[in-house]
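This report refers to the structure that appears directly beneath it.
The values are calculated or read from the model by the stated rules, or taken from the named source; none is laboratory data. What you see is a predicted model, and the numbers here were worked out from it, not measured in a lab. Glycine gets a Cβ as well: all are built from the backbone with ideal geometry, and neighbour counts include every protein chain shown. Surface accessibility is based on the protein's heavy atoms, side chains included, excluding ligands, DNA and RNA. Shrake-Rupley method; radii C 1.70, N 1.55, O 1.52, S 1.80 Å.
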Amino acid sequence: DSEDEAPDKQLKLIVMGDGASGKTSLCMRYSQEQFSKDYGQTVGLDFYLKRINLQGNTNVALQVWDIGGQTLGGTMLDNYIFGAHGVLLVYDVTSFSSFENLEDWFNAVKKVCGSGPMPHMALIGNKSDLEHLRTIKQDKHQKFAQDHNMSNYYVSAKTGESVSQVLSLQVALCFQKI
Ligand code: GDP
């Protein structure tokens with residue numbers, strides 16, 4: 001029974017972005033569907049663990065780190081980023097400032113990686129259910145993703161739209177890198 005065996009691989013996926021962009025909701029939404037919340041380890045860090053089975057019967061221990069209270073320039077931020085295979089860069093489609101700050105979040109990852117390889121990064125426009133309040137147009141979203149060589153998606157942590165599909169896809173893409 002593969003459940004009893006040690007996972008072959010560990011994947012670390014981190015969720016970054018401005019406060020109130022929906023990082024916690026996104027993790028909670030995914031956890032309700034597929035995860036169990038493991039523990040809230042320290043202030044500003046929630047950690048979710050899920051064992052999944054990928055094609056070819058490969059076991060993966062997926063760690064999702066929700067960098068809650070960590071702000072840009074926070075002292076713990078580099079530690080959270082270190083060793084991540086994948087990064088979900090989240091903004092709120094109704095918040096211009098959350099979009100404006102994406103560049104700084106991206107640069108924080110770049111700084112930690114130095115001359116080494118970058119993790120797989122995905123741009124997540126959250127709150128797609130608030131279409132009528134959207135302030136960031138689709139072309140800006142797409143241009144940012146293109147300029148930074150990222151996959152890009154819209155999700156709603158509130159309705160659950162695309163959440164499990166996007167996270168599952170990110171896991172598969174990250175897995176190709178390890
Ligand atoms: P965090 O600070 O990035 O972890 O953001 P939270 O997950 O705490 O969410 C901030 C606020 O946005 C909360 O009031 C959430 O209920 C709300 N929120 C999060 N995701 C969505 C979404 O997809 N749609 C809507 N309408 N509200 C959301």
Subject >> Among the residues listed as V171, V163, the single one being modelled with pLDDT of 90 or more, closer than 18 Å to Y30 by Cα and surrounded by 19 or more Cβ atoms within 10 Å (Cβ to Cβ) >> reply: V163
**OP:** Looking only at region 134-141, decide whether some residue is farther than 22 Å from V171 by Cβ, open to solvent by 10 Å² or more (accessible area, probe 1.4 Å) and polar (S, T, N, Q).
**Re:** yes
Original post:
Can you tell me which residue in region 66-94 is least open to solvent (accessible area, probe 1.4 Å), limited to those that are farther than 21 Å from M28 by Cα and not hydrophobic (A, V, I, L, M, F, W, C)?
Top reply: G74
**OP:** Please verify whether region 111-131 includes one or more residues that are open to solvent by 20 Å² or more (accessible area, probe 1.4 Å), closer than 18 Å to A20 by Cα and among the aliphatic types (A, V, I, L, M).
**Re:** yes
